[in-house]
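The values are calculated or read from the model by the stated rules, or taken from the named source; none is laboratory data. Remember, it's a predicted structure, so these values are computed and weren't measured experimentally. Quick reminder, even Gly has a Cβ in these numbers, built from the backbone with ideal geometry, and neighbours come from all protein chains shown. Ligands, DNA and RNA are excluded from the accessible area calculation, which covers all protein heavy atoms including side chains. Shrake-Rupley method; radii C 1.70, N 1.55, O 1.52, S 1.80 Å.
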Amino acid sequence: MFNRKFMEELFKPQELYSKKALRTVYNRLAHASIMRLNQASMDKLYDLMTMAFKYQVLLCPRPKDVLLVTFNHLDAIKGFIQDSPTILNQVDETFRQLTDTYGALSAGEFQLIRQTLLIFFQDLHIRVSIFLKDRVQNSNGRFVLPVSGPVPWGTEVPGLIRMFNNKGEEVKKTEFKHGGNYVSAPKEGSFELYGDRVLKLGTNMYSVNRTVETHMSAASKNLTSQTQENITPNPLAKEELNFLARLMGGMEIKKPSGPEPGFRLNLFTTDEEEEHAAQSRPEELTYDIINIQAIQDQQQKEELARIMGEFEIKEQPRQSSSKGDDLLAMMDEL
């Protein structure tokens, strides 16, 4: 990655890479090691990389801080290669090239670089689970801009308007409420080879200890559940499938007492979890409840048996412990 010829090619004045060219370079870099990724994993890794970099560029306090983000990247890489002096020298040489090329640029030139990068990524709104959990990304894939924290280095906390005359003399001050919770920047990040960058953008996103979210909104649950897979079978789900299999198979089931006999399919672990999900669900996602009653009516039973007979497929009998296992196996085959 830090081969001298490759770096020299990157630092040549040129137009911005196309998305296809960037993907090709990234694909070759990812497979330069012994790691091998299938197409789906490669797509997820590329999406994570692009969205993370977009987030870092978008939230830079100053345009010049794009350089600090890059230095954070290089500092993290140097932490992995402390035992490889040759590669470490290559990374340090890349650092010096970055400093020589971009260190003397004006704020306007850095703003042009930042704006060019944001234009490149502007149509990407891919949802990333770690950003959603940290509430820095909305469900539509757009990032949340903070209204608190330190202001950019060299600027003042908002809240004061100064007015000057044509001689440059201050003639009036007006205060206003900015609605945020801003503080002055403690110090400027270091642009030296070794130093405190101050800025955390560009550091390891997964190094922060995160508490387990116990009370999430219904929308957040739906988003995060798409990225989680539970490989352990749920015994409650299996029993419900067994019950459903007995109903479909026409087995005898005792009528429950009550005015409206039927069965209840619960997709939550506990009733409390179901009640909490129902209370936190947005109104626009709420639908009418459909009750399915399993009444033992002989006429309906005969009609159902006739219809099911038309769809019956003769095959080798399955050896399983229960009808629930049969249904699970059938779903696995689908």
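Remarks
- To the nearest 10, the accessible area of R23 is 60 Å² with a 1.4 Å probe.
- Ranked by the mean number of other Cβ atoms within 10 Å of their residues, highest first, the peptides 131-139, 197-205 fall in the order 197-205, 131-139.
- For the peptides 175-186, 102-113, the ranking by packing is 102-113, 175-186, with the highest mean count of neighbouring Cβ atoms within 10 Å listed first.
- Global form of the range 146-195, assessed from the alpha-carbon gyration tensor, a/c cut-off 1.5: oblate
- Förster radius 35 Å - calculated FRET efficiency between L88 and N181 (Cβ-Cβ, nearest 0.05): 0.30
- Restraint check, K12/K44; K12/K64; K78/K200; K20/K78; K54/K200; K44/K133, Cα-Cα greater than 22 Å: K12/K44; K20/K78
- Additional length obtainable on full extension of the chain from R135 to K19, 0.36 nm per residue less Cα span: 39.0 nm
- In a fully extended conformation the segment linking F80 and A305 would gain 74.4 nm over its present Cα-Cα distance, using 0.36 nm per residue.
- FRET efficiency estimate (nearest 0.05) - Cβ-Cβ, T101 to Q39, R0 22 angstrom: 0.05
- For the range 23-76 and the range 139-162, distance of Cα centres in Å: 25 Å
- Full-stretch length increase - D196, T116 - with 0.36 nm per residue and alpha-carbon distance subtracted: 26.1 nm
- Where I126, I161 fall by accessible area, highest first, once all protein chains stay in place (1.4 Å): I161, I126
- Point-to-point label distance, R142-L160, nm (Cα→Cβ direction, 7 Å offset): 3.4 nm
- Of G189, H178, P150, farthest towards positive along the dipole that unit charges on Lys, Arg, Asp, Glu beta carbons give the range 146-195: H178
- Scoring 56-62, 145-151 by mean Cβ neighbours within 10 Å over their residues and listing the highest first yields 56-62, 145-151.
- Cβ-Cβ FRET estimate between A32 and Y206, R0 fixed at 22 Å, reported to 0.05: 0.50
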